[in-house]
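The values are calculated or read from the model by the stated rules, or taken from the named source; none is laboratory data. Because the structure is predicted, anything quoted here is derived from the model rather than measured. No Cβ is skipped: glycine too gets one built from the backbone with ideal geometry, and neighbour counts run over all protein chains shown. Just so you know, the surface numbers come from the protein's heavy atoms only, side chains and all, with ligands and any DNA or RNA stripped out. Shrake-Rupley method; radii C 1.70, N 1.55, O 1.52, S 1.80 Å.
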Amino acid sequence: VTYTGSFSDVALATEAAEALVTVGVEALTGTSQSAVGAVNVADENGIPWFGTQSNQEAWSTDQVVASQVYHWEVILDDMFEMIEEGTLGGEAMSLTLENGGLLVEINGCFNLDSDIESGAQDIIKKIIAGDINPPA
């Protein structure tokens, strides 16, 4: 695990990813606006990338395996309704697989074995059903 301390320094994210590549990582992931630099490193080195926040396959159709995508509109509608009713905070809202606030979008261009993809979909269904409880 490497923390750059910046959400916007693309060069620093690139350097961090390059350092991980030199020690032999087999996959990369990251979060922030600077992730594009690390995705480029994954692409240049043929290392799978797992995106988060948004679908990142446009950054590398060959190396982005899947992206965990936020769909904020699931809670934004409720937040706007609460504001209109006079409630200005005090309630925690969550994006989850169950409420559609989180999606896992698998890149159809990545050469992912169909058994792995169907296994991933099965795990997602089990999480939604409550049969698997991810760590809090």
Accessible-area ranking of Asp77, Asp9, largest first, probe 1.4 Å: Asp77, Asp9
Reference-scaled alpha-carbon Rg (2.2 N^0.38 Å with N residues) for region 1-51: 0.97
Cα centre as origin, Lys/Arg/Asp/Glu Cβ charges: the chain dipole, Debye: 320 debye
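Between Glu15 and Lys125, what length comes free when the chain is fully extended (0.36 nm per residue of separation minus the Cα-Cα distance, one decimal in nm)?
Full-extension gain reported as 35.9 nm.
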Longest site-free stretch - the chain; sites: GluC sites (Glu not before Pro), DSSP loop, at most 10 other Cβ within 10 Å: 27-84
Among Ala38, Ala27, Ala13: highest mean-square fluctuation, GNM of the chain, C-alpha pairs under 10 Å: Ala27
Cα-based radius of gyration of region 67-136 once divided by 2.2 N^0.38 Å, which approximates compact folds: 1.44
Antiparallel content of DSSP bridges confined to the chain, in %, to 5: 40 percent
Centre separation in Å (Cα based) which lies between region 1-49 and region 69-136: 25 Å
For region 62-103: span of alpha carbons on each principal axis (Å, largest first): 48, 14, 14
Dipole of region 1-123 [Lys/Arg +1, Asp/Glu -1 at C-beta], most positive-end residue of Met82, Asn40, Met93: Asn40
Among Ala58, Ala92, Ala120, residue whose mean-square fluctuation peaks in a GNM of the chain (springs only between Cα atoms under 10 Å): Ala92
Cα centre as origin, Lys/Arg/Asp/Glu Cβ charges: region 1-70 dipole, Debye: 200 debye
Percent of C-alpha pairs per 10 Å bin, the chain, short to long: 11, 33, 32, 19, 5, 0
